[in-house]
Every structure is written in structure tokens, then in C-alpha cells.
1. Quick check on my filter: what residues within the range B:134-170 are within 7 Å of chain A (Cβ to nearest Cβ) and either at pLDDT 80 or above or surrounded by 13 or more Cβ atoms within 10 Å (Cβ to Cβ) (or both)?
2. Within the group A:Ala37, A:Ala28, which residue is more than 8 Å from chain B (Cβ to nearest Cβ), more than 20 Å from A:Asn97 (Cβ to Cβ) and free of Cβ contacts under 8 Å to residues at least 24 places away in the same chain?
3. When the range B:8-51 is examined, which residues are found to be modelled with pLDDT under 55 and assigned to a helix (DSSP H, G or I)?
4. Being at pLDDT 90 or above, closer than 30 Å to A:Val152 by Cβ and in contact with a Cys (Cβ under 8 Å, 6 or more places away or on another chain) narrows it down to one of A:Ala51, A:Ala74, A:Ala95, so name that one.
5. So, B:Ala89, is that one within 14 Å of the chain's Cα centre (by Cα) and either in a helix (DSSP H, G or I) or over 23 Å from A:Arg24 (Cα atoms) (or both) or not?
Amino acid sequence: MDGRVATAPVSLGAPPDPVDFEERRLIAAALRGDQRAFAALYRRHVGAIYALCLRLTGRRDRAEDAVQETFLAAWRALRTFQTRSRLRTWLHRIAVNVVLQAARPQAARLELNEGAVGPLPELSTPDSSPPIDVEAAIALLPDGARRVLVLVSLYGYTHEEAATVLGIAVGTSKTQLHRARALLSVRLGLEMP
Amino acid sequence: MKLDDKPRASLEDALARLPQEIVPTHDLWPRIEAALHDEMSARPPASRVVFGLVAGCLLGAVAMSVLWGVRAPGTSGLLARDAASVMAARSQLATTYRTRLPLLDAPTRVRVERALGVIQAAEQDLAQSRRAAPDSAVLSRLYASTTRQEFDLYDAIVRATEPFVRRTST
């Protein structure tokens, strides 16, 4: 019997993500008060956070304000950041809260106006008009319908999660999503002839 | 396919094609930086905060010593022994890792060394931050998970290059 030592084929699986560690360094530096490190974190995530805020608010000026508030809140609360979650996920949660807090004064009115399924607003476009951008069509949705669509259809929230975050009933969330999809389909010319 | 499946599918496609990120039309950082600057200048001086923290810790320590008297015996000895054994195990693993590294093919070795470099740089940075703020829970967690990643990397390489005995019938 011959025993020879050989080397097993190397399979490392997924290597550690260097981006993650670079982010840790930036977080550590920001915790020391280094604003340049925080600026670097901002640059990494501003695109995703701005997209979320723009879609939730439907307005560029409000989205910009929300982004500013989100990063200021993040700077203040960086010490409470739980490393179990990713920074982007954490920023995402802050952004949703910021947008909803800014809209809170209108919340009751929105719930009254949009909670029940009413007739769809006139959104259909004539066949001769140019195709409508999906982002623009989302921005034109009523606030309540847009928020549910953004959270559930774009960012993967369950209806239960969306209802909790938005402070509405689960049934309302479902109704709003149905309404948003119907409005979007009409707006984008996706309805069956 | 039901009649209303087609528009739903098309809508889902349209939504799925939306980008994850949208670049703002202008740079928002200057506004944020200005607001941060305003906040920082409105804060009490750091020396006063540090003095308050130190005073608070001292008060807490005095209160604890009055309430509990002498600390439970032997705890620090146990902790020190645990830490020493972890460090010894890690050091041994790191040594094995270094002897096994040449067994990897060149591109993998480069990838591994690059990843380890990033991890160790993060570790050093975090250690430096912890010296400045030893009570920071976030820094402690980040440091612990980073050292764990380093340990895991050594472990993965050592396991992947584990020699085995090939038996032949001749």
C-alpha cells in the first residue's frame, strides 16, 4: 500500500468582499469624526437612497431634502448602527422614516382620500402621445398608492411590513397596490385592448 | 394564460428594469456638509463631553464598589486565559496558513492575499479607532467581526489545502 500526500483541489467559495471591509474602515473613521470618510460613505450610497426617496416622494426637491435629512440622521446615529445589517439597508430604513415623517401632516388626509377604492383618476394617454417614462408614471401616482407600490413592488416589502411602516391596514396596502398597478398599466399603455 | 396576465407581466418587467440607483441632478453633499458643520459647531466642546463621561464612569465605579464590595474572584484570570488561548490558536492557524499559501494557484493566492490585506487594514483602522473610543459598542462589534473574518479566511485556506493520503493498490 502506497501512501502519498497530495493536495486537495482548492475551492474557497465566495471570497471576503473587499468593499465591505473598505466600508468598515470608512465607518470607523466617520465614528472618529472624519467627515471625509462620511462623505465617501455618502458617495457610495447616495444613488440608491436618492432613487428610493425620489420614488417615494415623486418630487425631486422633496427627494433631495429627504436625502439630506437621511444622511444627517445617519451621522447622528452612526454609533447605534448594528453591524449585523448592511449600511445600505440601515440607510434605507432611515430614508423611509424621513420621507414618511415629512409627509405625516398629510397622512390622515391621504388615508381618507385613498383608503377606499374609488374611481381611477384620468390617466389614460391618447395613442398618439409618446411613451411615458416608468419613473414619471410612478411619480404621478397618488401618494398612498405610490408608496405602497415602491415599497412592495420595487423594494420587496411584504404587505405587512409596508402597512406597519406606512401606518395603514394590510388590506389598505393591498388595495393601494392593486390601484397603483392598474393606474400604471393604463398610464404606460399596457392594458389589454 | 389568463387575460390579465399579460399586462401584469409587462408591468412587472417594466418595474424590474428600473435602476437601483439614480444620480441626483446636482451634488447634495455641500448642503449636507454645511449642515454637519452647523451641528458640530453647536455641540459642546469635546473636552467637556469627555470630562462628563469620565466623571460618570468614576461615579459609576464608586457606586459599584460600594454596592458590591470586592469583585467576584478569578473572573479576570479566566477571561485572560480564554483570550490567551484564542490568540494562541489564531497564531497557530496563521502560521499554518502561511505555510499552505504557496500551495494555491497563483490567481487564487493573489485574490486571497488581497482580501487578507483589506481585512488587516480594516482591523488596524478599527483598532486605532478603539484606542480613541474604547467604550464604543459599534467599534467593538466591527472589530470582533473583522478579526473573525480574518480567522475564517485562515481557516478556509488551511482546510482547502489540507493534505490527504491517496491510497493506490499498487
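The values are calculated or read from the model by the stated rules, or taken from the named source; none is laboratory data. The structure displayed is predicted, hence computed values, not measured ones. When we count neighbours, we look across all protein chains shown, and the Cβ atoms used for this are built from the backbone with ideal geometry, even at glycine.
1. Matches in the range B:134-170: B:Ser136, B:Val138, B:Leu139, B:Arg141, B:Leu142, B:Ser145, B:Thr146, B:Gln149, B:Leu153, B:Ala156, B:Ala160, B:Thr161.
2. One residue alone meets the criteria, A:Ala37.
3. If the condition is that a residue be modelled with pLDDT under 55 and assigned to a helix (DSSP H, G or I), then B:Ala46, B:Ser47, B:Arg48, B:Val49, B:Val50, B:Phe51 are the ones that fit.
4. Of A:Ala51, A:Ala74, A:Ala95, the one residue that is at pLDDT 90 or above, closer than 30 Å to A:Val152 by Cβ and in contact with a Cys (Cβ under 8 Å, 6 or more places away or on another chain) is A:Ala95.
5. Criteria not met by B:Ala89.
Residues checked against (1) under 12 Å from the mean Cα position of the chain (by Cα); (2) in a helix (DSSP H, G or I); (3) closer than 23 Å to A:Leu149 by Cβ:
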site	(1), (2), (3)
A:Ile49	yes, yes, yes
A:Cys53	yes, yes, yes
A:Glu64	no, yes, yes
A:Gln68	no, yes, no
A:Ala74	no, yes, no
A:Ala77	no, yes, no
A:Thr89	yes, yes, yes
A:Arg93	yes, yes, yes
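For every residue, the table says whether it meets (1) of a type in the set (S, T, N, Q); (2) at pLDDT 85 or above.
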site: A:Gly115; (1), (2): no, no
site: A:Ser124; (1), (2): yes, no
site: A:Pro131; (1), (2): no, no
site: A:Asp143; (1), (2): no, yes
site: A:Val148; (1), (2): no, yes
site: A:Ser153; (1), (2): yes, yes
site: A:Gly156; (1), (2): no, yes
site: A:Ala162; (1), (2): no, yes
